[in-house]
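The values are calculated or read from the model by the stated rules, or taken from the named source; none is laboratory data. Bear in mind the structure is a predicted one, so any value in this text is a computation, not a measurement. Counting neighbours? That spans all protein chains shown, and the Cβs are built from the backbone with ideal geometry, glycine included. Only protein heavy atoms, including side chains, enter the accessible area calculation; ligands, DNA and RNA are left aside. Shrake-Rupley method; radii C 1.70, N 1.55, O 1.52, S 1.80 Å.
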Amino acid sequence: MEMRKYSNSYNRVLFGVVLVVSIFSIALTRKPHILEFIHYYLGAKYNSEVNYTGLYDAITTALSEVYGKNYINEKIKYVRNLKTDEYISVDDAISNYEKNRHRWTPERWKQFVADVRFFDTALSIYSKKSNFKHWQKILVDHGYNATPLYTTYVAPVVNIIRLS
């Protein structure tokens, strides 16, 4: 009986290690795609704050803090509402974020804005196109759709490793 208990625990740990190594080996051997990476990094790191439906509201709000709301309204015409799958205005996305502001501590929000700034810089380097063309693509995509298992294993890692 004791041997079976030990064996089950060992198998679970071994399975977890193999799973994590597999996820990271796939991630490291693929050519990185920054638009996809933004979803999987921010979605996993801030999942407790944004869950699966609040990522675009938070990104839009962070961009409006960086550039100003009027500027963002000029550059980004609409944002996908990940709850309804419809397109909404920048103002509506910011309003949705405000309804969920209680999920964020000031420190986590500061980190999130810093991460969005990092990606904003990376997007401008990534291509000769305007980074707002990329944000327009990102903010109408279908959101963070990784499995809960992926989030469970990746969230602790991305919360330790800083982008900068």
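Between a first residue in the range 64-86 that is of a type in the set (Ser, Thr, Tyr) and a second residue that is open to solvent by 90 Å² or more (accessible area, probe 1.4 Å), which pairs have beta carbons less than 7 Å apart while being 6 or more apart in sequence or on different chains?
Correct list of pairs: Tyr78/Tyr87.
So, restricting to helices (runs of 4 or more DSSP H) that lie completely within the range 55-164, which ones have at least 3 residues that are at pLDDT 95 or above and either closer than 30 Å to Val20 by Cβ or open to solvent by 90 Å² or more (accessible area, probe 1.4 Å) (or both)?
Hits in the range 55-164: 55-67, 106-126.
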